[in-house]
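The structure appears right after this line, and notes come after that.
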Amino acid sequence: MNKILKEPDPGADFRRQWSRQNRYALGGDLLPDESSTLERDTSVILRQAGTNPPWLAMRAGSGAFLESVTGQILLDLHGNNCHHVGYAHPDLTAALSWQMREISFVPRGVTNPEVVVAAEKLLAAWPYGPGVVAFVPGGSAAVELAIMLCRAHTGRYKLASFYGAYHGRSAGALSLGGRPRDRAPRLGPLLPGVLHVRPFFPLPSEREFDAEAGARRSLQDLAYCFEQEGDIAALFAEPIRNGPFRPPDWYWPEVRALCSRHGTLLVSDEIPTGLGKTGKLFVTEHFGISPDVTLIGKALGGALIPVAAVIAKAELNSTADLNLGYFTYERSPMMARAAATILDIIAGEELVARAAELGAAALKRLRAVAALRPAIQEIRGAGLMLGLQAYDLAGGGHDALAHRIFQECLRRGLLVQYPMGARLTLSFPLRVDRPLIEEAIDVFAAAVDAAVAVGEG
Ligand SMILES: Cc1ncc(COP(=O)(O)O)c(C=O)c1O
């Protein structure tokens, strides 16, 4: 398990500073942002719910850590699920520095060895081959391309997805998404023909959720929808919902069989969860099923460059008469070099096995912490993605408590994912080690205690 500790270990300096900061400045307020980056950001960057105004400004990233413009070190358990190999991994920065000088771009219709190598590596790792790959500049673009591919290949236009799902921000991806706040009437009509069914995971508003009964109902809804509609091109779904929410083991084999019976393609969206985060390189490997299309993104660019990929079974390679991608950066040597290097790092450092092993240890520790703290419940884990629910016994509101925990984490140098209602997600990069995980969970426990004390005070 020590394969990765080559010198200099990126993030080692930040790690020392972070531990020192925790020891001596627990609970310290964030320092004022003298560069006023936050303020200036708000006046020039498009206002958007959820991301603007931002809550922090960073100036450096190394390993598992970020440094704020005010000099605080934060352990990043958010990373938008892009930071599997941490920030500034030396192999990745070296590969892209070289690539940038050698050949950074090719115009449309021209290829290069990097893109071929990256596709070959992806297909060699994808257990469902033979297949083909399309590289695209981001997750939403991957979803969009997959929608077109499935429609064109089947000659059907209807698509199915889950209520409560998220698949990105472009028009097709938003249509597949099933979160009410993403479907604001002001955005106008989205894609026709998208059918939503009950998910196997809880909606943010559902506090009590029985995974077994929920999955059973979801399967019944899907079966009913498929029977009534008949001609659905594809089901788009995250096999483990970011959060993480994992259905019972029987669920996906049943859904796969249902799709096959109805000639509906199964698209596995693994954009946040793929590439080892959950303890398997591809999430569908947990369930022994074979999707028709897999989507990966985020960590494929190593938190360095945006790149995503659509991997499809070879029989779907049937659209030679159409332009589905045609992206300006579709064969970018930089994107391809990043993807190939990430796959090499993940394989060479055995990060998938590491995520499975350390994830199990992290889950155990978080459960032990939660056993003493009724304020955190429903502890979930899939590899190095952990999730939980805040529970406010003082009556001030579960969502408000989750928000206070988030704030108290920030004050202690822990950046966790922004709460979704009362639910919080901790997404560890895959190069962390056991002592760092333990320290992080202890800091998290202290943040929970402080958040509860504020609520009672
Ligand atoms: C499941 C899922 N699909 C698609 C996307 C869209 O990816 P991107 O933000 O790179 O467009 C996301 C992003 O969070 C996602 O979580």
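Taking interchain pairs and intrachain pairs at least six residues apart, which have beta carbon atoms under 6 angstrom, with the first residue in segment 167-189 and open to solvent by 100 Å² or more (accessible area, probe 1.4 Å) and the second within 11 Å of the ligand (Cβ to nearest atom)?
Going by the 6 Å Cβ cut-off, the qualifying pairs are 169/140.
So which of 340, 314, 308 is within 16 Å of the ligand (Cβ to nearest atom) and in contact (Cβ under 8 Å) with a residue 40 or more places away in the chain?
Matching residue, one of 340, 314, 308: 308.
Return yes or no: is residue 110 of a type outside the set (Phe, Trp, Tyr), assigned to a loop (DSSP other than H, G, I, E, B) and either open to solvent by less than 30 Å² (accessible area, probe 1.4 Å) or within 16 Å of the ligand (Cβ to nearest atom) (or both)?
no
Rundown of residues vs (1) open to solvent by less than 30 Å² (accessible area, probe 1.4 Å); (2) within 19 Å of the chain's Cα centre (by Cα), yes/no style:
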residue	(1), (2)
281	no, yes
293	yes, yes
296	yes, yes
306	no, yes
310	yes, yes
320	no, no
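Among the candidates 160, 142, 152, single out the residue that is modelled with pLDDT of 95 or more, more than 16 Å from the ligand (Cβ to nearest atom) and not in a loop (DSSP other than H, G, I, E, B).
Going through 160, 142, 152 in turn, the sole match is 152.
Does residue 80 count as at pLDDT below 90 and assigned to a helix (DSSP H, G or I)?
no
Pick from segment 211-256 the residues that are within 24 Å of residue 282 (Cα to Cα) and among the polar types (S, T, N, Q): which of them is most open to solvent (accessible area, probe 1.4 Å)?
If we take residues in segment 211-256 being within 24 Å of residue 282 (Cα to Cα) and among the polar types (S, T, N, Q), then 242 is most open to solvent (accessible area, probe 1.4 Å).
For segment 390-403, enumerate the residues that are open to solvent by less than 50 Å² (accessible area, probe 1.4 Å) and either touching a helix residue (DSSP H, G or I) at 6+ places or on another chain (Cβ under 7 Å) or among the hydrophobic types (A, V, I, L, M, F, W, C) (or both).
Within segment 390-403, 390, 392, 400, 401, 402 meet the criteria.
Scan segment 257-270 and give yes if some residue there is surrounded by 22 or more Cβ atoms within 10 Å (Cβ to Cβ), in contact (Cβ under 8 Å) with a residue 24 or more places away in the chain, within 21 Å of residue 417 (Cβ to Cβ) and within 16 Å of the ligand (Cβ to nearest atom), otherwise no.
Yes: one or more hits.
Restricting segment 165-194 to residues that are assigned to a loop (DSSP other than H, G, I, E, B), modelled with pLDDT under 95 and within 22 Å of the chain's Cα centre (by Cα), which is farthest from the ligand (Cβ to nearest atom)?
That would be 183.
Any residue at all in segment 345-355 that is outside any helix (DSSP H, G or I), away from the ligand (no atom under 16 Å from the Cβ) and surrounded by fewer than 23 Cβ atoms within 10 Å (Cβ to Cβ)?
yes
Tell me which of these residue 93 doesn't satisfy, since it passes every other one: (1) within 23 Å of the chain's Cα centre (by Cα); (2) at pLDDT below 95.
(2)
Of these, 236, 200, 209, which one is part of a loop (DSSP other than H, G, I, E, B) and under 18 Å from residue 161 (Cβ atoms)?
Answer to the selection: 200.
Among 235, 258, 295, 266, which is the only one that is closer than 21 Å to residue 344 by Cα and modelled with pLDDT of 95 or more?
295
Taking the conditions exactly as written (open to solvent by less than 20 Å² (accessible area, probe 1.4 Å) and either under 22 Å from residue 312 (Cβ atoms) or away from the ligand (no atom under 16 Å from the Cβ) (or both)), does residue 116 satisfy them or not?
no
Tell me, please, whether a residue that is among the basic types (Lys, Arg), closer than 24 Å to residue 425 by Cβ, within 14 Å of the ligand (Cβ to nearest atom) and in contact with a strand residue (DSSP E or B) (Cβ under 6 Å, 6 or more places away or on another chain) can be found in segment 277-287.
Yes, segment 277-287 has at least one match.
Every residue in segment 367-389 that is without any contact (Cβ under 8 Å) to a residue 60 or more places away in the chain and under 19 Å from residue 279 (Cα atoms), please.
367, 379, 388
Tell me which residues, restricted to segment 195-210, are modelled with pLDDT of 95 or more and open to solvent by 20 Å² or more (accessible area, probe 1.4 Å).
Matches in segment 195-210: 195, 196, 198.
Restricting attention to segment 120-130, does a residue exist that is acidic (Asp, Glu), within 16 Å of the ligand (Cβ to nearest atom) and either open to solvent by 40 Å² or more (accessible area, probe 1.4 Å) or part of a strand (DSSP E or B) (or both)?
For segment 120-130, residues acidic (Asp, Glu), within 16 Å of the ligand (Cβ to nearest atom) and either open to solvent by 40 Å² or more (accessible area, probe 1.4 Å) or part of a strand (DSSP E or B) (or both): absent.
The values are calculated or read from the model by the stated rules, or taken from the named source; none is laboratory data. This one's a predicted model, so the numbers in the text were calculated from it and none came from an experiment. All Cβ positions, glycine included, derive from the backbone under ideal geometry; neighbour counts span all protein chains shown. SASA here: full protein model, heavy atoms, side chains in, ligands and nucleic acids out. Shrake-Rupley method; radii C 1.70, N 1.55, O 1.52, S 1.80 Å.
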